[in-house]
Structure formats: structure tokens, C-alpha cells
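The values are calculated or read from the model by the stated rules, or taken from the named source; none is laboratory data. Just so it is clear, the structure is predicted and the values come from calculations on it, not from any experiment. FYI the Cβ positions are ideal-geometry reconstructions off the backbone, even for glycines, and counts take in every protein chain you see.
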Amino acid sequence: MRKSIREEDILGLGGIYCDKDAGDPIEYDHLRLVLTDDVAEIEVFNRGITLLFTDNEKVKRIHRVLCKLDDRKK
């Protein structure tokens with residue numbers, strides 16, 4: 001997981017992505033990453049819809065890391 005976070009430079013992507021009003025009901029991913037002294041809080045609203053309608057590379061990077069995190073939970 002740490003490797004994925006570093007490869008995608010996720011710690012530099014703190015903030016909120018997408019539109020809360022896109023999709024119904026609102027689905028969101030809240031990610032709080034803590035690596036040593038670095039902390040990033042990321043919130044992505046309606047990630048599936050966002051990925052369909054945007055070419056935002058930041059959201060794609062976040063999505064790749066979240067998918068790897070989901071894979072670890074299985």
C-alpha cells in the first residue's frame with residue numbers, strides 16, 4: 001500500500017474532488033493517509049460517476065490507490 005501511495009504521489013493530493021450533487025444518493029470515499037509526518041485527507045464524491053465523465057488524472061490516481069486498498073480487504 002505504501003508503495004502505491006508513493007508511486008501515485010497521493011500525499012500531495014489532499015482535498016475534495018467532484019461535485020456533491022452528482023449522482024443520487026451521494027456516494028463518497030474518505031481517505032485519511034498518515035505516513036510518518038505526512039498526512040493527507042482526501043474526499044471523492046461519486047467516484048464512479050466522476051471517472052466516467054472526467055479525465056482528471058488526480059481522481060484516476062486516487063482511484064488506483066483505493067482499488068488496491070479494496071483488494072487488500074478481500
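Against the conditions (1) more than 15 Å from residue 4 (Cα to Cα); (2) out of contact with any Cys (no Cβ under 6 Å at 6 or more places or on another chain), residue 50 satisfies every one except (2).
Taking segment 31-49 as the range and being among the polar types (S, T, N, Q) and at pLDDT below 85 as the test, only 36 passes. Annotation note: of 26, 10, the sole residue that is among the hydrophobic types (A, V, I, L, M, F, W, C), surrounded by 15 or more Cβ atoms within 10 Å (Cβ to Cβ) and in contact with a Lys or Arg (Cβ under 7 Å, 6 or more places away or on another chain) is 10. Name the residue that is nearest to residue 71 (Cα to Cα), counting only residues in segment 29-40 that are surrounded by 13 or more Cβ atoms within 10 Å (Cβ to Cβ) and more than 9 Å from the chain's Cα centre (by Cα). Ranking the candidates gives 33 first. If we keep just the residues of segment 13-23 that are within 16 Å of residue 61 (Cα to Cα) and in contact with a Phe, Trp or Tyr (Cβ under 8 Å, 6 or more places away or on another chain), which is surrounded by the most Cβ atoms within 10 Å (Cβ to Cβ)? Top of the filtered list is 18. Could you list, in sequence order, all residues of segment 42-73 that are among the charged types (D, E, K, R) and either touching a residue at least 40 places away in the same chain (Cβ under 8 Å) or surrounded by 13 or more Cβ atoms within 10 Å (Cβ to Cβ) (or both)? Passing the criteria: 43, 47, 58, 60, 61, 64, 68, 72.
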